[in-house]
Each structure stands twice: as C-alpha cells, then as structure tokens.
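Peer 1: The structure's right below; bear with me while I get my questions together.
The values are calculated or read from the model by the stated rules, or taken from the named source; none is laboratory data. Computed from a predicted structure; not experimentally measured. So basically every Cβ, Gly included, is an ideal-geometry build from the backbone, and we count neighbours across all protein chains shown. Surface areas here come from the heavy atoms of the whole protein model, side chains and all, with no ligands, DNA or RNA. Shrake-Rupley method; radii C 1.70, N 1.55, O 1.52, S 1.80 Å.
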Amino acid sequence: MNSASIECVLPVTAMQEGLLFHTQFAEDGPNFYAMHLSALLSGPLDAAALRLACEQLQTRHQCLRACFRENRANQVVQIVLRDAPLAWRQVDLAGYPQSERAERLERLTEAALSERFDPAKPPLSRYLLVRLAPDQHRFIICTYHAVLDGWSSWILLGELAQLYDRHGAALPAPPPPEDFHRWLAKQDRTAAQSAWRAALAGLPGPTLVAPADPNRWLAESEKFRVELPAELVTQLRDFARSRGLTLNTLFQGALGLALGAVTGQSDVVFGTAVTGRSPEVPGIESMVGMFLNSVPVRVRQDLSRAEPIAAMLARLQAEQSRLIAHHHLGLVDIRQAAGQAELFDVHLSFLNFPGAGTTGGFPMSDVKTGVRTNFTLDLVVESSGNAINLDVAYIPAAFSRERTQAFMDGLVRVLGAVVAEPEVPVGRVEVVSAGERAALVGLGDGGPVAG
C-alpha cells in the first residue's frame, strides 16, 4: 500500500476500536463481528448487472474500501483506498436435487459467515450469489462490522436495488463520513463523562448472568427465535402509544425486571445498541459506515415506594432521554467514569431502521440480517409491520438452552404484565414461574432467584 493508493485516512470511533480489540483477542475463536445480509432473489436475474451494482456501491462508499492499520504514532486509523478489488463469488446449485441443494446452500452460507476478515486487508466486504433455479438466487453480503452498522446495511440494500434497476446509471453522491468525524471531535468528553458518572452513581456492581470469564470471547453462541403472539404485539403498540412511550422503552424495562428477578437485584444494568447518528450531522440519516455505539442501560426498581410498572417505564425513558446527547462516549470511558471494570454480559438491540424492507422494484424477499457477537446473552428485537420477533443468541457453556428459554419465557411474561396491569407495583410482577425458577437456579453469582 503506497500513498498514491490512499484516498484518505479517518480516525476510528470508540466502538470500532473495541471491535478491533476483541477481533484480535479472539483471533483463534469464532468469527465474531461478521455482519451478514441475505436475501432471496426471485425472477429473472442479470448476474453481471448485479455485480456491476456491487462494484458501484464499493466505489460510492468509503467504508467498503477501508481497512484498519496503525499509523506512525501507533494509533489505529481507518485507511480508505482509492480502489479495492470486489470480493465476488458465484456458485450454481441449480443442477442438484432439492434436498442436496438446500444442504449445499447451508454449507456455503456457514462458510461465508465463518471466513475471517483480516482488518488490515481490504476489502472488508464479500458478495456471494448462489443460483438455486433459473429464476431463484440467494444473495449474501458479509461485512466486517467495524466498517458497517445495521442502519447502513439497509441503505446499501436500497441503493443496490436502484443501481441494478438503473443499469449502471450513477446515483447522487452520498454525504461524506468526514462530516461525522468532525462533529465527533467537537463533542465535550468531560461533560459526557460527568453525565455517565451521575447516571451510574451508586450502582452496586455489574449485572452478570454467568460468572465472569475472559474465555467467553472464544466461545461460539447458539441461536433461536421467539415470535411474540399477534395479540400481545397489538397490545404493546397500543400501550406504548397511549402512554407516550417507545417500544424500545417497554423492552428495556421488561428486560430490567427479568434480570432483577433472576439475579435477585433491584438495581441492574445491561448494554444496548444506539445509532450514534446525531441530527446535528448533515445527511447522517443516509450516511454509510459505522456510527453505532453500545452503552449501558440502568433499570432501578423502587420497591420501597411500590412504584407501578407504568411509572417505572416513564422514569426509565426520561433517564435514557437525558443521556442521548452523550451516546458518543465509548464503553471503556463509561466504565471508567462509573468506576466499574465490567458492567454487563447481557445486551439488547432494538431494530427499527428507516427504510428497512424497502428495495424498490428489486425482486427481494426473505431478507435476513445479523451479526455474530460474544455476549453471554444477546437479544435482538426486530419490529417490522405487525410482527415483533426476538432473536436470542446465547453461549451454551455459560448459559444453557434450558436457562435461556426459561429467561425468555419470563421476559415475555413481563411484557404481558406491562400491558395488562400497568398500575401494579413492580415488586409484585411474577417474572418466573415455579418451573422456570428451577431451570434458572444458580444463575448469575449463584444467589437466590427472586419471584
């Protein structure tokens, strides 16, 4: 790599720095932070035109031509190349019997997700087009998470559809990511540290559902999906609207109560993903890159005052709203401000991206997204149309399938209590049943499981 091949050099965000550190730490473990987007393409497809559209995407967006290396001051920076080869692969499975075709597709998909990225070697995105039948293809994009967040993946999908439909005609230039980095550099870190120190003051300690284990970074997770009943989804939406609350707040509050029940703590903390997209940055809503951050959410149950569920949720939303201006601070700095070496091993993401699921006239369906992370318990709430699903990833060595299922059953029960009995004091909410209590025995530090 010589200076003539470099378009620009950008600083890394705190989130990118953390992802890079954990990638290096777990270099012999699973392929963490490989984000994937998969879609079924139905109807006639011009594979050459699709590949051209992908090349245009890579030309348009700096992050798709970026890599990470140390500069002369031994600081990790994001280096954007003027040009990078397209990592494109096509496989034809149309000639195989249907059962074998499905098996081969599964192996190809798993291989694509398992192939590690070297952050120092661009490009950090790969494209796989699998022909299943003359009029059916599976298209998979796999990207290193440090260059791209979930919001951006939907922007790319929409642009890909436009570029394919326009047969190579250019789109308007995207907003430059440099504007975000200039905004970030101007933020008051001291004020942000003070805000987080106040928000986490008096926290008794981290909230862990499994004993602290540095080797969890090397463990592979397993997954399953929880589909909320349609009636509960309608009730949650109606309740949130009538109370001036967000759905995200409902899930944060419910998770806080569930964690409190299984750990025996009335003051808990877990992590959540925030977009990091400040409206102060021009064009941030259509900017492509990694702007995401992960911050703690503290949920306190005021048992002494017998605080109703609805009041607790309103208080939680107000507390979280006051911290929005400080979402740019990295988790390492937040932990230092709070005086805690560790805060949580449970993480919650609420997906509700603008434009998600809209791909113009492009024949896409069965769109799946995800990213491999290494939390003991990682919950992703996907709200789309009339459905709400929870994708659950857990590390079996630390948190068995039986315990995870019992925990999720308790979480869904809390959501039901939120809409059915919002004025009931939080201390009277039945989170775990007798059977679930037996499954959850020994959770966290081995303390009692509250009812």
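Peer 1: Scan S286, S304, S321 and give me the residue that is closer than 20 Å to L259 by Cβ and among the hydroxyl-bearing types (S, T, Y).
Peer 2: S304
Peer 1: Can you pull out every residue in the stretch 287-318 that is in a helix (DSSP H, G or I), of a type in the set (A, V, I, L, M, F, W, C), open to solvent by 30 Å² or more (accessible area, probe 1.4 Å) and closer than 20 Å to T246 by Cα?
Peer 2: Those that are in a helix (DSSP H, G or I), of a type in the set (A, V, I, L, M, F, W, C), open to solvent by 30 Å² or more (accessible area, probe 1.4 Å) and closer than 20 Å to T246 by Cα: A311, A314, A318.
Peer 1: So, one more: Being surrounded by 23 or more Cβ atoms within 10 Å (Cβ to Cβ), β-branched (V, I, T) and in contact with a helix residue (DSSP H, G or I) (Cβ under 6 Å, 6 or more places away or on another chain) is the filter here; which residues of the stretch 258-286 pass it?
Peer 2: V262, V268
Peer 1: Find the residue count for the stretch 67-122, including only residues that are open to solvent by 30 Å² or more (accessible area, probe 1.4 Å), over 24 Å from L50 (Cβ atoms), in contact (Cβ under 8 Å) with a residue 12 or more places away in the chain and in a strand (DSSP E or B).
Peer 2: Looking only at that region, the number is 2.
Peer 1: Here is a further query. Say whether the condition of being open to solvent by less than 20 Å² (accessible area, probe 1.4 Å), over 30 Å from R138 (Cα atoms) and either touching an Asp or Glu at 6+ places or on another chain (Cβ under 7 Å) or outside any helix (DSSP H, G or I) (or both) is met by at least one residue in the stretch 2-24. Walk me through it before giving the result.
Peer 2: In the first step, residues of the stretch 2-24 are kept if they are open to solvent by less than 20 Å² (accessible area, probe 1.4 Å); the result is 10, 13, 16, 19, 23.
Checking which are over 30 Å from R138 (Cα atoms) leaves us with 10, 13.
From what is left, the residues that are either touching an Asp or Glu at 6+ places or on another chain (Cβ under 7 Å) or outside any helix (DSSP H, G or I) (or both) are 10, 13.
Yes, some residue in the stretch 2-24 is open to solvent by less than 20 Å² (accessible area, probe 1.4 Å), over 30 Å from R138 (Cα atoms) and either touching an Asp or Glu at 6+ places or on another chain (Cβ under 7 Å) or outside any helix (DSSP H, G or I) (or both).
Peer 1: Would you check if R403 is at pLDDT 90 or above and either closer than 26 Å to M312 by Cβ or buried (at least 16 other Cβ atoms within 10 Å of the Cβ) (or both)?
Peer 2: yes
Peer 1: Only one of R243, R237, R197, R225 is out of contact with any Ser or Thr (no Cβ under 6 Å at 6 or more places or on another chain), within 20 Å of A341 (Cβ to Cβ) and basic (K, R); which?
Peer 2: Details: R243 fails: within 20 Å of A341 (Cβ to Cβ); R237 fails: within 20 Å of A341 (Cβ to Cβ); R225 fails: within 20 Å of A341 (Cβ to Cβ).
R197 is the lone residue from the list that is out of contact with any Ser or Thr (no Cβ under 6 Å at 6 or more places or on another chain), within 20 Å of A341 (Cβ to Cβ) and basic (K, R).
Peer 1: If a residue must be in a helix (DSSP H, G or I), under 26 Å from R403 (Cβ atoms) and among the acidic types (D, E), how many such residues does the stretch 222-253 contain?
Peer 2: 0
Peer 1: A further question on this structure: Please go through the stretch 234-276 and pick out each residue that is closer than 30 Å to G289 by Cβ and in contact with a strand residue (DSSP E or B) (Cβ under 7 Å, 6 or more places away or on another chain).
Peer 2: Matches in the stretch 234-276: L247, N248, F251, Q252, L255, V269, F270, G271, T272, A273, V274, G276.
Peer 1: Going residue by residue through the stretch 265-286, is there one that turns out to be free of Cβ contacts under 8 Å to residues at least 24 places away in the same chain, farther than 25 Å from R197 by Cβ and in a loop (DSSP other than H, G, I, E, B)?
Peer 2: For the stretch 265-286, residues free of Cβ contacts under 8 Å to residues at least 24 places away in the same chain, farther than 25 Å from R197 by Cβ and in a loop (DSSP other than H, G, I, E, B): present.
Peer 1: Return yes when V209 is closer than 30 Å to F32 by Cα, of a type in the set (V, I, T) and at pLDDT below 95 and no when it is not.
Peer 2: Against the criterion (closer than 30 Å to F32 by Cα, of a type in the set (V, I, T) and at pLDDT below 95), V209 qualifies.
Peer 1: Let me ask something additional. Looking at S321, is it surrounded by fewer than 19 Cβ atoms within 10 Å (Cβ to Cβ) and closer than 30 Å to F180 by Cα?
Peer 2: Considered against the rule, which asks whether it is surrounded by fewer than 19 Cβ atoms within 10 Å (Cβ to Cβ) and closer than 30 Å to F180 by Cα, S321 comes out as yes.
Peer 1: Which of the residues spanning the stretch 8-59 are among the charged types (D, E, K, R) and modelled with pLDDT under 95?
Peer 2: The answer is E17, E27, D28, D46.
Peer 1: Then there's this: Could you check how many residues of the stretch 151-178 are surrounded by 15 or more Cβ atoms within 10 Å (Cβ to Cβ) and assigned to a helix (DSSP H, G or I)?
Peer 2: Summing the residues that are surrounded by 15 or more Cβ atoms within 10 Å (Cβ to Cβ) and assigned to a helix (DSSP H, G or I) in the stretch 151-178 gives 14.
Peer 1: Hey, could you check the stretch 133-150 for residues that are part of a strand (DSSP E or B) and either open to solvent by 30 Å² or more (accessible area, probe 1.4 Å) or in contact with a His (Cβ under 6 Å, 6 or more places away or on another chain) (or both) and say which is nearest to P44 (Cα to Cα)? So that I can check it myself, show each step before the final result.
Peer 2: Kept after step one, since they are part of a strand (DSSP E or B), are these residues of the stretch 133-150: 133, 136-144.
With the extra rule that they be either open to solvent by 30 Å² or more (accessible area, probe 1.4 Å) or in contact with a His (Cβ under 6 Å, 6 or more places away or on another chain) (or both), the set shrinks to 136, 142.
On the way: Q136: 8, C142: 23 Å.
For the stretch 133-150, the residue satisfying everything is Q136.
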